[in-house]
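The structure under discussion appears below in the form of structure tokens.
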Amino acid sequence: MKVMIIGASGIIGRAVAENLEKDHEIIRVGKSRGDLLVDLTEESSVKALFERSGKVDAIIATMGSVHFGPLAEMTAEQFNQGLQNKLLGQVRLVLIGKEHLNAGGSFTLTTGILTHQPIRTGVNATAVNAALEGFVLAAANELAGLRINAVSPTVVTEALDKYAPFFPGFESASASRVALAYRRSVDGIDNGKVFRVW
């Protein structure tokens, strides 16, 4: 299969590419580096991505930023960062990408453990992740001939140097273990499922 990975230069994206490249053709996509470039916050950029890539069999999104900060100090503009980037970026990928997936193709989006286990300063992340999981659940009923799932990882071991203070007491998972869930989504039969790697 021809598999497009958006966010392929990140910790999770690299692990997913390494897992899948033994069996599939991988198109690595990033905002600043990769086989192809895209800014998921811009509709024209997403359309241009698919014009260059042509039809693919699977689209994986392992990207998306949110705002971390105390709710008491948060502004609507700060909250909107996560909405525009991680939430609408991945939704936009599906809305445009569905026309560029081969029959039987799949989307795999990325949410996170904060959907169900909130942390201090993580209100934006929890809200965005929950919205993405709702989108996957509903979209699975309407994407005729296509599948859509999400992967919800805990904090990744390789990122603990940056994120450990935000996740006190959380058990991490290696990027290679998280990558297995993306493999299940791409090569499996599930639709509308959230694969939790906690």
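The values are calculated or read from the model by the stated rules, or taken from the named source; none is laboratory data. None of these values were measured; they are calculated from a predicted model. Using ideal geometry, Cβ is built from the backbone for each residue, glycine included, and neighbour counts are taken over all protein chains shown.
Values as computed for the structure displayed
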quantity: Number of the condition not met by residue 163 [criteria: (1) closer than 22 Å to residue 83 by Cα; (2) at pLDDT 95 or above]; calculated: (2)
quantity: Filter pass, residue 91 being more than 27 Å from residue 164 (Cα to Cα) and either touching a Phe, Trp or Tyr at 6+ places or on another chain (Cβ under 8 Å) or at pLDDT below 95 (or both); calculated: yes
quantity: Members of the stretch 100-118 that are more than 21 Å from residue 186 (Cβ to Cβ) and in contact with a helix residue (DSSP H, G or I) (Cβ under 6 Å, 6 or more places away or on another chain); calculated: 114, 115, 118
quantity: Helices (runs of 4 or more DSSP H) wholly inside the stretch 123-198 that include at least 2 residues being in contact (Cβ under 8 Å) with a residue 24 or more places away in the chain and crowded, with 17+ Cβ neighbours inside 10 Å; calculated: 123-139, 175-187
quantity: Any hit, the stretch 9-25, residues being of a type in the set (Gly, Ala, Ser), in contact with a helix residue (DSSP H, G or I) (Cβ under 7 Å, 6 or more places away or on another chain) and within 24 Å of residue 179 (Cβ to Cβ); calculated: yes
quantity: Given (1) modelled with pLDDT under 95; (2) in contact with a Pro (Cβ under 8 Å, 6 or more places away or on another chain); (3) not acidic (Asp, Glu), index of the condition residue 110 fails; calculated: (1)
